[in-house]
Structure formats: structure tokens, C-alpha cells
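To start, the structure under review is shown below, and the notes come after it.
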Amino acid sequence: MLSLRLHSIITFMLFFIISICNADTYWNGSTYFTEIKGGNSQNYLQKAKYAMYIPNNVETIKGILIHQHGCGAEGSGEPIVTDAQYQAFANTWHLAIIAPDLYPNQGKNCYDWVQPQDGSAQSLLAGIDSLAAQSGHPELKSAPWLLWGHSGGGHWALSMTNLFPEKVIATFVYSPALNIPIEYSEKAAKVPIMIRHAGAFDYNGPGGDCWNTALNTFSKIRKMNGNISIAYTPNQNHNYSFVRYMAIPFFESILSLRLPESGTILKNIDANTGFLVDTSTSGKPNIFKASLFTGNALAKSWLPDTLCATKFQEFIISGTIKDITPPSAPIKVQAQTNGLSTIAINWKAHADRESGIKHFNIYLNDIKVATYPEQSYYQYFDTNSDKPIPTEQPAMNYTIYNANLKNTNTIAISTVNHADLESAKTTISVITVQSDDHKSFYVSSLGNDANSGTKDAPFLTINKAKKEIRKINKSIDKDIVVFIMNGMYTIDSTLIFDYDDSGFNGHTIRYQAFDCQKPIISGGKRIKNWVLHDGSKNIYKAFIDSSFDTRQLYINGRRAIRARSIDAEGWKETSNGYSSPINISSWSNISNIEIVARNEWKHHRGLIDSVNGNSIIMSQPYWTNVHKQFDAPPVWIENAYELLDADDEWYLDKKTGIIYVKCRANEDIQQAEIIAPKLELLMRCSGLQNTEFNGITFSHATWLQPNSKFGYPVVQADVRFDNTTWVQNPGNIILEYCRNVNFLHSTFEHLGGTALQLYFGCKNNTIFNNTFKDISGSAIAIGSIMSFNLSENDMVKDNTVEHNLIRDIGVEYESSVGVFTPISENTIINSNTLIQLPYTGISVGWGWNNQLIPGRNIQVKNNRIDSIMTKLKDGGGIYTIGSLPGADISYNYISNVLNGFGALYPDLGSSNMRWHHNVIKNVKCWLSLWSDQCLKDTVENNYSDTQVSAINGTNCIIRNNEFIVNDKWNQEALDIMSNAGQKRNISSQLPIIISQFTDTIIEQGKSITYTADISNAAGFSVQYKWYKNGTVLNKNNDSLLVIQAIDTTINGIYRCDIISDCGIVQSKSFSVKVKEIPSSIMNAQNIHEVIYPNPATSIIRISQYSIGLDIDKNQVIDIYDSYGRIYHLKPRNDTSCEYREFDISSMPNGVYFMPIHNSSRKETLSFIIMK
């Protein structure tokens, strides 16, 4: 071991406070920061940073929780002050939280600060002085301390306890390191201390420095009759685990005993009071009252009170502490509504001191409509570092869209902690406009535009509804809703929406599916009147029109295949086209035949110009454009009648206007729905504002540019060559200069170009909870490649793409991507699922250099990307190019990238971005930061099951990335996986619960059955989930709940959730309580004398006479688990009068209850099975 510099405390030491700032304010407190410069003969630290949290509305701070990191963990301290659970603890006890980050001189690790005498003690005092001045709380200088330390920080905390015993309320250390001897004073020995010792898995194992530090410290202080305990768990390691679940209740017990009513002099605790617990026992630690114990008390752990002792006992057995009390309810709930279908809610909530905040439940009119956050947790902590995730607490607000509001509505918010216990609801009333205070129109495929547009007399077309809206939207003081009923609405020309179709006066125009119906806006033409053309090949034909052109055909909802070859074997490039292995000069319509080519990330399509024998001349300017970068090796030939040889293939002869289809043998073409897309632009919105499209399917559009001599010569992604410039592919639905236009719960399918494009001037638009599937090009494009010098009015910014499912896109143009945003600002791409893509999942940025461009502050978070790069190369799960200041790519889960250069792929010039907390699985390369033109990127805290990467960036930070072996992902990685991707919201048509549940008291030993009867669910699949205190009780999808009244463990709040195709309905909560038969009370000490071993593995024994019970050898005992399931056990021995033995080897792990009774008394014994 290195020799440490030991010095006496120097009263006057030289420090420099080099920076102070007030960084952030929470609703319940504020944070402050200061930095102390060291590095001199009296202070061996290079520097020390101190972050502090102070609760709001606290006049006098009563103490300081100092949370000290371990060796080499500098930088991990600061996030502790943003932890909601620690903040709640501090708020309750009027404490400050200080989180040091101690930076040693280079190469010295923690040896520059673990000894407080070397400067870290005086540095702390100087930091407290600075923070006291900043916060306006001078009492911080004299406030007592709670010390928390891990590893080297554990040694530091113990040393500080010895140096400042009069200032330390209590000390909690986890796996303290270094085993440097400390000669504890009598005063220091009286400071309550708890050591969390990780047993055989502690650092270096038995005999190592952490092992010895823990055991030696406990032994030394306990021999001094000191107030110390040691929590030993052999199955955990040197890292943090769930220690805060023990540290906080330990601190709370000590605070209640030691804090003075006034002043700063701490109260003493007599070691002969309190409780004693077995030490270094992994099975069943016994609890003894210290004043009554007659054995060797100094060999036992000391605990201050009953509550702390029982939690300590549980902690030793399980490594954690189960929270059994729900959190407090949210406060300050407020809500605003637009009067029809949107409610914006905000609230405040204190975290549960025992188990934090997992999420919030949101209720509208007694129906649970959302969980917030929808994907991840509100905040949890990394069990390997104790730091909160995320470090920034999410805002407590949520907006309900597409809600069916009444005149008066109730909004309720509840808090759910990490024990899945739900708080009471905080409920407010929200009054909306009267039901007749919005204007409604109805559209039906069976309607008539001569009708009035009511539900009973609906219009036929959306254009008619739009025309009527224009008459009233600028003067009406209400929202307008167009309910579109089931059916296909085939349009012959593009739907045009402009500024005059907007919502005005703060109101919104909504085009909304009626109930759970599926209206389809189609730009296709249905083809009928088929006749058999070639009976030997089962080819049929139908006449369309000689002027008709399309590139797609759909048969009974599936995409048919344009006639093509299997491959292009034998075809070779020439200077002006290809040489063919066969002579195709006799084929019909030569100039309509298309050659499809692939090269790296490019997928081209171009027409043949002419044929001369085996020489194929390609069209211009396609051929010139396609060769501006690479060759165009062919992969197949397409669009010739001569290639019509497989089922589901089709061919359009544009000269004759005849379409041919080779049918499936078992399909009746006369009855089939066969649709050929006609329109290229299905819908255009120009200058539209305050409009929603909700629950609508957009379908059957084509894109004909590749049918021209220009063909489809790809640059990258959605961009193609067009002679002297690059051109972006158009969308089938295009928005320009639109604001607050939202696409919600809709479907985009069977489209021949890019599905949805937000182009110049689009701001504050939302694409939420939609499905994109069977798209020829990209699903979503936001922004333009031509945005380098745009005005503020032209810039695309503040748009959101969230909770969408994107799959099977790039069907025709394989270079397409799921989401493409070349240049935009403040775009959020969050919680989408992208699967089965031929190329990149999400592509961000434009420009092959690191010069700043207008695009910035792009967030790509919580997305699930799987099975991509199935056709092309040189792409990735998330791909960026160009400088993107403020870009944040985080909490995404990317798997099965087949041909990509990197799951995370910052390409040439990608600069000023942060990539963090992403999970990468089953890929060839997890990170491709290959170019030295990538500047100042940070890649940290990611998880991957491969270490293969390419890293060559300039001034980039690559740190704390973890590589997983044998699929052993830690909890944070598993949570990222679980939370990534789309989560669907609630629809409007929901089941109705008929059953009326009421509060019930059941006599002990009896049972009661509850039945969830429902209506309004015809045609939907339904599932049932029963809950007790917020925890799921059954996994069997049963409408019945049977409760056995064993004892008071069944007491709680129950409810049933009904889950249907259209969403979730929650029953009214009801309480169940047991009316007990009088029984004796067992304390924690004698319970182990009655039923043992406890915990048990294969047998239990009941010492029957010790409590005056007589169990007959033939008596069958009913044992209940925590879910109310019954196990019937019979004693297996009859030779002992002292006990009865039961075989439990076939029973699973868990907590069990055994009611034992005779004519005069009753006992309910509990035990744990832990195998």
C-alpha cells in the first residue's frame, strides 16, 4: 500500500474560491455550487467542487447530509443534489445536502483526499462557508453533519467522524476502503455509525482492504461500547446496491434522537438503550432489546429503535427494504382545457422518502388515461453509483389529447413509488364549455353533400365540411369538429388546406375519426372488370386509361410486385449503360423498363433509353447523375411484361392503358379489392394553423419522378441528383408554413413516396402515436437540405415526432430512412419504434463538414430501433452528419443492425453533440466516430454487447461506456430497453364497468368474491387486472377476485383495470379489511422460537408448546401466500412432542402466513421461503 501523507489539522490553510454560482431552482428547493482550489503544501487536492441543495421555505437549516463519493469517482457527486428522494428526506428534516467532487492531482487517485488532514476537511469547511454566503443561510457553518461515504469516501467519512465527533449526527459508510488504522476517541465511538459490508464479494474478498476496514472498524468501536452496527450481505459486491433504503431510515431514527430542540449541541445516546441484532449472519438475524440482553452485547450490532432494527433485519436477509406505505399525494394540481378535447395539467409532488417516485397516474373522470412519464421512470437511481437517473427531474406536467370531455370533469393525479404503491389521488374539477358550445359536422361515405352535415344527415366529402367551416371559423368562438365515419373516401384531386381553413380566436379545427372507426382517405383508383388474358399463367388484364400512370398496385390490402427479374446476373456496366447477357430488343415498351442498382448506401432506379442487340443505353440525365459519385451495379430488371412470371406480380402498359396481374391460384380477382394509386400528392397544407387530424388513414398515393428520364439517382437518404443540384424527395402529405398542425393516432400506409413531409416554415407541429407502414420512401421528413440561409419565417423548428410506429418503409427506394431531419431546430424525436428498415433508422443533419449550420438542439431519445440496414451499407441506427450544437441522442435501444458502419454513427463533420445512455445489442460496430472532422462530441454511459468501434474524433470525450458479456445487462440498461419505443395512448371508445364495488369488512377465516361485470365491449378482446395498493394481484386475466381473510395482511385498497382494444378503464377503488379473532402478539425476538428456520428452504418446524398450541399429527394446516393462494400441509413427523415439522420443498420463494388456533386462542405465524 502506498504511504499516505499524514498531517495534523492545520488551523489556517490557503484556499482559493475560484467560482460560485446559483445553478438551478426546483419548486421545492434550490441548488448552489462552489469550487475550492487546492494543490499547495497544505492541501494536496487539485480542486474540490461542492454542490448543495437547500429546501425552500426553511428558515433554519438543522443539519447537512454530506454524500461523499469513492476513489476515482470524481464527477459523480454533483447529481446527488438533484435526487428527488434525497431532496424529500432533506425537506422533511430541514437539512441541506452537500455532494463533494474531490479531484486529486494527476495520477494520485484518492490518496490526495481520503485523509481529511491532507486538506479535504478544511476544503469542506471553506466550501460550506462559501455556500452559506450564497444561499443566505449562515447557520450552515455551525450545522451538524450526517456523513455518507462509499469505498475511499467511507474511510474519509469515518476519519471525519473521529476528527469532528461533536459535529457528526450519524455516519453511514458502504464498503469502506484502504484499512488505514484510525484511533477512535471516546467521543467518536458514541457517534452512531452503520457500516454496509458486502461480505465475501467485497473489494478484494476476505482479507482485502474493504473487508478488513469494515470488520476492524466495527470490532474496534463496538469494544469501546460504541454505537455501531454492521449490515453484512454476502451476495452483493463493492458497489452501492440498495443502500439508500437502509441509510435513510437509519439517519431518520438518529435524527429523532439527537437533534436538539434549539441550538447545535447534539443529544447523546446511551449504548445500553436501543436494540441489538446478530452480526455477520446471512440467514436469520435475531433482534434483542439491549436492556434485557444477557449475552455478549459487544458482539452484536447496535440499533437505536425498533423500527430501525426490524428494517436492519430485513436488509440483511434480502439486501433491500420493502416499502409498505404509499407515498404522499401530489399537491398544487392545476388544469386548463381548450373546451373540447385537450387538457393541460401541471402539479407538484414530494418524493417518497422510502422509495422515491416511479411515475404518476393521471385520471380523467375516474378513468386512468395515462402514466407519466409514459416510457421511463420519473427518477430512479443507479445501484452502481447511487446517482439519480435522469439527473434532471422531469417537469410535472402532462397534456391529455383526444379526450371526451363533459361539461364538468374531474382530473386526478396520484404518485406511484418504486414499490408500486399508489398514493391517494388529488382531484380537481375542470369546467369546460357547454356541450353545445362547439360546432360539429359529420362526414360519411354514405352521406350527401346536399345534407346539413349532422350525425343523421352527414356530408359525403371532407371538402364540403371544409367549405362550411370557412364560413364560420373566423367568427365562431368555439372549436369545430368534423367527425369522419367509417369507409374509404376516394379523392380525385389533392386535398388542399390553407390559412383560411385554420382555427382562429384560440380555437382548433379537428378532423377526427368517429369513435374507433377507420376512415380512409385514398388517392387511388379501384380497378374492376378483369378478364383472363393468359390462362396458362393465370394472368388477368383490365383497362384503366392510356393516360393513367402509377408505380404501385395493392391487392386486398397488400402491395403487389411490379414485374421484375430475380437478379441481374451477367449484366455489366459500360460507359453509357449496360451489356446484357440476353437480347431484349424484342421486349415491348423498352423505354419503360427500369434497371435497379445498389452501391453502398445508394439505391438507384433508371429507365432504359434504347437497346442495340445486347447493348443497353440508359436514359439521360439519369446516367450522368448516377455516376457523379459511384458506379451503379445492377441488382434486378423491372417493369416489363416479359418478366411477369410470379404470383402477385403486375405490369402496366402505358401505351394501351391495360394493367396485367398474375393472380394467386386461390384468389378470386373479380371479388378482390385492387387499387392503383393515382394521386402523387394526397394532401397539402400551406399556412394552415391550429388544426388536428385524428384517427384517419392516409393511403394510396404514388410518386412518378422515377418514371421519367431523370430516374432516381440517389445522393443519400431522401436526396437525389437533379443535374446541377440536389433535390429532396417530396412527401405524399406535405406541410408548408404550418403551425400547430397535429397528426394524432392516424395511419399512413400504401404510399409511394415519403409519407409525411414538414417543409419550409413549419413550426410547433406534432406527429403523435401514428403508424407508418408499407411506404415506398421515408416515413417522416422534417426540414430541408436547402435551409442554410433561411429567414426565421422559413426555418423549420419546434416540431415533435413522438410515440409512432414506423415499419416496412423504403420498400421501393431502399435509401430511405425512418425519420429524416436534415436541417431543423428544436426537433424532438422521442419514443418511436422503428423496425424492418432497409437503411438507417433516424438520420439527422446535413453537410459533410463541421461548420455550423442552422440546425441545432435536436433531441433523439427513448426510441426503439430494430432490424435495420437489411439491404444497404454505410448507415446506422442513428446517423448524423454535420455540426449539430445541442443535439442529444440518449436512452435509445438499437439492435440487429445488419450491414451498418455503427449503431451510433456520427459521420463526417458531426460535432458538438452528446450521445449517452443508449443500449446497443447484436451489432457489428456499436460506435462509428471515424473522422477527425468530428469535433467536441461526448459519448458516455452507453451500453453495448460488442466493443468493436471506430473512434477518431478530435477533442471528443469517450467515457464510462460499459460493455456487456453473456447478456448480463445491468438494471439501468434493462430499464432503457424496456422503456424505449412507442407506447399507445387511450382511444375514446372504452368498456363500461357495471359492477359497483363497496368497502367491505370480512370476518377472519372467511372469504369474499368480487366480479368485474362490463358492457360496451362487444367485438373487443378484454383483459382484467386486479390491484391491491397499486400492485398487480393476478396474472391470469380473470374477471373474478377471491380474497381469503387470513389476517390483516389482506387489508388494503383494491381495484380492477379493464383493458380493451380501445384503452383502459379503471374501477372505483374499494377497501377490504379483516375483522380479527383476538390473538396473542409476538415480538421480533420470540417469533424465531416458534417457527424455524426462518427464512427456510425445504422444511419448517413449529415449536407448538412454547405458545400453548397443540397441533395434532394428522391435522392439515392451511398456509396462505401473499396473493391469497392456499397450500394444504400435513405434519410429517409424529415422534416429537416439542415441534411439528412440515415439508415446504415444493413451494416457491415468498412470504407465507400460517393461522394456528385451538378453542381458546389463535395465532397467525409468518415465515419466509428463500431458496
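Each reported figure results from applying straightforward, stated rules to the coordinates on display, with no laboratory input. What you see is a predicted model; the values in this text were computed from it and never measured. Every residue, glycine as well, gets a Cβ built from its backbone with ideal geometry; the counts of neighbours run over all protein chains shown.
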Checklist line | Cα gyration tensor category, rounded, prolate or oblate, for the range 608-737 with a/c compared to 1.5 | finding: oblate
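Taking 2.2 N^0.38 Å as the expected size of a compact globular protein, what ratio does the Cα radius of gyration of the range 588-634 give against it, to two decimals?
Numbers: Rg = 10.8 Å, N = 47, 2.2 N^0.38 = 9.5 Å.
Working it through for the range 588-634, the quotient is 1.14.
With charges set only on the Cβ (+1 for Lys and Arg, -1 for Asp and Glu), what does the dipole of the chain come to about its Cα centre, in debye to the nearest 20?
Values: 99 positive and 109 negative charges, 177 e Å.
So the dipole magnitude of the chain works out to roughly 840 debye.
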Next item on the list: Compare the Cα positions of 146, 125, 98 along the charge dipole of the range 30-259 (+1 at Cβ of Lys, Arg; -1 at Cβ of Asp, Glu; about the Cα centre) and return the one farthest towards the positive end.
Entry: 146
Note to self: Pairwise over distinct Cα atoms, reciprocal of the mean inverse distance: report the Kirkwood radius of the range 331-435 in Å, one decimal place.
What the structure shows: 14.5 Å
Notebook entry, point to check: To the nearest 10 degrees, how steep is helix 306-318 against the longest Cα principal axis of the chain, on a 0 to 90 scale?
Noted result: 50 degrees
Item checked: Acute angle (nearest 10 degrees) that the helix 84-93 long axis makes with the longest principal axis of the chain, alpha-carbon atoms -> 40 degrees
Note to self: Students often get this wrong, so try it: which of [x] 195; [y] 461; [z] 216 is volume of the Cα convex hull per residue in Å³ as calculated from the structure shown?
What the structure shows: [z]
Notebook entry, point to check: Residue farthest toward the positive end of the dipole of the chain, with Cβ of Lys/Arg at +1 and Asp/Glu at -1: which of 1169, 297, 707?
Noted result: 297
Notebook entry, point to check: What is the set of long-range amide H partners of residue 950 at a cut-off below 5 Å, with H atoms built 1.01 Å from backbone N?
Noted result: 927, 928, 929
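Ranking request for peptides 799-805, 564-570: highest mean number of other beta-carbon atoms within 10 Å first, then the rest in descending order. Mind showing how you got there, number by number?
Details: 799-805: 23.3, 564-570: 14.1.
Ranked from most to least packed, the peptides come out as 799-805, 564-570.
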Item checked: Mean Cβ neighbour count within 10 Å, used as a protection proxy, ranking 936-949, 184-197 highest first -> 184-197, 936-949
Next item on the list: May I ask which residue of 356, 251, 830 lies farthest towards the positive end of the charge dipole of the chain, with charges of +1 (Lys, Arg) and -1 (Asp, Glu) on Cβ and the Cα centre as origin?
Entry: 251
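Structure shown: which of 332/1068; 464/861; 518/873 lie over 29 Å apart, alpha-carbon to alpha-carbon?
Working: 332/1068 24 Å; 464/861 41 Å; 518/873 38 Å.
464/861; 518/873, as the Cα separations exceed 29 Å there.
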Margin query: Under the rule of at least 5 residues apart or a separate chain, name every residue whose amide H is placed under 5 Å from the amide H of residue 349.
Written below: 331
Note to self: Given the -39500 (n - 2.57) contribution per DSSP H run of 4+ residues, what per-residue ellipticity at 222 nm results for the chain, rounded to the nearest 500 deg cm²/dmol?
What the structure shows: -3000 deg cm²/dmol
Check: What distance in nm separates the simple spin-label points at residue 505 and residue 1149, each placed 7 Å from Cα in the Cβ direction?
Finding: 6.5 nm
Margin query: So if I place +1 on the C-beta of Lys and Arg and -1 on the C-beta of Asp and Glu, and nothing else carries charge, what would the dipole magnitude of the range 30-259 be about its Cα centre? I want it in debye, nearest 20.
Written below: 420 debye
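Taking neighbour Cβ counts within 10 Å as the exposure measure, how do 1000, 31, 827 sort from fewest upward? All intermediate terms of the calculation are to be shown ahead of the outcome.
Values: 1000 15, 31 21, 827 26.
With the fewest neighbours first, 1000, 31, 827 line up as 1000, 31, 827.
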Next item on the list: Quick one: check the C-alpha center-to-center distance for the range 674-744 versus the range 119-187, whole angstrom.
Entry: 64 Å
Item checked: Cα-based helix-to-principal-axis angle, 120-135 vs the chain, degrees rounded to 10 -> 60 degrees
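How large is the charge dipole for the range 466-552, taken about the Cα centre, if only the Cβ atoms of Lys, Arg (+1) and Asp, Glu (-1) carry charge, to the nearest 20 debye?
Details: 14 positive and 11 negative charges, 51 e Å.
That gives a dipole near 240 debye.
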Next item on the list: Would you kindly calculate the mean projected area, averaged across all directions, of the convex hull enclosing the Cα atoms of the range 30-259, in square nanometres?
Entry: 11.5 nm²
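Just order 483-493, 739-749 by mean Cβ neighbour count inside 10 Å, highest at the front, would you?
On the way: 483-493: 17.5, 739-749: 22.1.
Highest-to-lowest ranking by the protection proxy: 739-749, 483-493.
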Margin query: Quick check for you: which residues of the range 617-659 have the amide N under 11 Å from the point 7 Å beyond the Cα of residue 591 toward its beta carbon?
Written below: none
Check: What residues qualify as long-range amide H neighbours of residue 722, i.e. H under 5 Å apart, gap of 5 or more or another chain, H built at 1.01 Å from N?
Finding: 727
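Which of 874, 479, 456 comes first, and how do the rest follow, when ranked by fewest Cβ neighbours within 10 Å? Don't skip to the answer; put the middle values down first.
Values: 874 20, 479 24, 456 7.
Sorted ascending by nearby Cβ count, the order is 456, 874, 479.
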Item checked: From phi via Karplus (6.51, -1.76, 1.60), per-residue ³J(HN,Hα) for the range 741-752 in Hz, x at Gly/Pro -> 9, 10, 10, 10, 6, 10, 10, 10, 8, 6, 10, x
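What pairs in 311/1075; 467/525; 190/300; 62/267; 358/425; 62/358 have C-alpha atoms more than 18 Å from each other?
Values: 311/1075 27 Å; 467/525 25 Å; 190/300 16 Å; 62/267 14 Å; 358/425 15 Å; 62/358 29 Å.
Pairs exceeding the cut-off: 311/1075; 467/525; 62/358.
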